[in-house]
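Engineer: Dropping a structure here in structure tokens format, bear with me for questions.
The values are calculated or read from the model by the stated rules, or taken from the named source; none is laboratory data. This structure is a prediction, so every number in the text was calculated from the model and none was measured. No Cβ is skipped: glycine too gets one built from the backbone with ideal geometry, and neighbour counts run over all protein chains shown. The area values use the complete protein model at the heavy-atom level, side chains included, leaving out ligands, DNA and RNA. Shrake-Rupley method; radii C 1.70, N 1.55, O 1.52, S 1.80 Å.
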Amino acid sequence: MLKGIISLAISQASFGITNSLWKKPQSKIGILPLIVTRSFFTSILFGVAVLIQNKFSSLTLEMAGNSVLLCFINFFGFYFFLRAIKEKQVSEVIGLNKVSVLFGILIGYFYYKENINQYGFITVLLIALSVICIEFLKKKKSVKISKGFVFALLSTIFWSTDFLFKDSIKEIGALLFSFILEVSVFSIGFVLMKLQKEKLNISVLLSYKKTFLILIILGFTGVLGTIYSIQSLPIIVFALLNLVYPLTSYLFAGFYLKERLTGTQWVGVVLGIVGSLIYTIFK
């Protein structure tokens, strides 16, 4: 359990930084070229790690097929997240992504047959209130569902396939699954980029070379930390502990992008974190 929590903390710190780093280059480079470039290099890093660990010998075609299908679906979580932060503040999108915790609880309870007590239901209520504060009570104007909100919700739905990774990870291991995930993301991103006739501008990409280096390194640690924590933790615990991770994103978005949340939105943030702590302490 402790190793899983440490892995999740590494993942949360890594993605908490990269969530904001995507914002600036995507307007100049494009979403699909960004995804393809990052996943190309992380695929190489994971491939080298798998070769060193000699993990390829244990992989069968059936195992790979089951994993690839989930990874293909998961790709669209990444894609719609980048679409969402193009329309909204990173901190707002991350706050809305907390809805994925509800999917995690449901999948953990019904699919993995994990237990949940009354504190879990309190957490669900707090998450619902959190999302209302972040999206619908941020202004005194009439309630309006924005394009960014729709993209954030789609991102949440597709990224919730994370919670179904557990069986495949147990079958082939965290490192090999991470490699398959990144290769799948690269493959579908490359195909979509060609279909939409988008091109990668190398000169523009090189102007963000320091940012990209950080995205690649933290992408590697973030993915591996996430996959290992899914393998090590009960899915409900994994989902609820993810409520703490937005705090890193909020702090870095404030520092790097100068984003600011309203008082009501901060109430939403605190509600989500409190919900996570209540279940973790009293479960």
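Engineer: Under 18 Å from a point placed 7 Å out from the Cα of Ile214 along the Cα-to-Cβ direction: which residues of the stretch 1-34 have their backbone N that close?
Structural biologist: The answer is 10-29, 34.
Engineer: While we're here: Go through the stretch 164-174 residue by residue and turn each phi into a ³J(HN,Hα) via Karplus (6.51, -1.76, 1.60, θ = phi - 60°); whole Hz please, and just put x for glycine and proline.
Structural biologist: Calculated HN-Hα couplings, in order: 9, 6, 3, 5, 5, 5, 5, 6, 10, x, 5 Hz.
Engineer: Would you work out which of Ser39, Asn74, Ser91 lies farthest towards the positive end of the dipole of the stretch 1-95? Charges go on Cβ: Lys and Arg +1, Asp and Glu -1.
Structural biologist: Positive-end residue among those listed: Ser91.
Engineer: How many nm separate the modelled label positions at Ile278 and Leu206, each set 7 Å beyond the Cα in the direction of the Cβ?
Structural biologist: Label-label distance for Ile278 and Leu206, simple model: 5.5 nm.
Engineer: Then there is this: On the full set of protein chains, 1.4 Å probe, figure out the accessible area of Met63 and give it in Å² to the nearest 10.
Structural biologist: 40 Å²
Engineer: Let me ask something else. Over the heavy atoms of Leu206, what accessible area does a 1.4 Å probe trace out, to the nearest 10 Å²?
Structural biologist: 100 Å²
Engineer: Quick one: ranking Tyr228, Tyr111, Tyr256 by accessible area, 1.4 Å probe, largest first, what do you get?
Structural biologist: Details: Tyr228 80, Tyr111 125, Tyr256 60 Å².
Listed by decreasing accessible area, they come as Tyr111, Tyr228, Tyr256.
Engineer: Calculated FRET efficiency, Tyr256 and Met63, Cβ-Cβ r, R0 41 Å, to nearest 0.05? It would help to have the intermediate numbers written out before the result.
Structural biologist: Details: r = 39 Å, r/R0 = 0.96.
Efficiency for this residue pair is about 0.55.
Engineer: How would Thr18, Thr264 rank on accessible area, largest to smallest, probe 1.4 Å?
Structural biologist: Values: Thr18 5, Thr264 50 Å².
The ranking, largest first, comes out as Thr264, Thr18.
Engineer: Here is a further query. By how many nm would the segment from Leu195 to Asn115 grow when fully extended, if each residue of separation counts as 0.36 nm and the alpha-carbon distance is taken off? Don't jump to the answer; show the numbers that get you there.
Structural biologist: Details: separation 80, 0.36 × 80 = 28.80 nm, distance 4.48 nm.
Value of the extension gain: 24.3 nm.
Engineer: Let me ask something else. Roughly how many Å² of Val101 are accessible to a 1.4 Å probe, to the nearest 10?
Structural biologist: Its heavy atoms expose roughly 0 Å² to the probe.
Engineer: As a test of the formula, what do you get for the chain when each DSSP H run with n ≥ 4 contributes -39,500 (n - 2.57) and the sum is divided by the residue count, at 222 nm and rounded to the nearest 500 deg cm²/dmol? Before the final figure, lay out each step's value.
Structural biologist: Details: 15 runs with 214 residues, N = 283.
Using -39500 (n - 2.57) per qualifying helix, the result is -24500 deg cm²/dmol.
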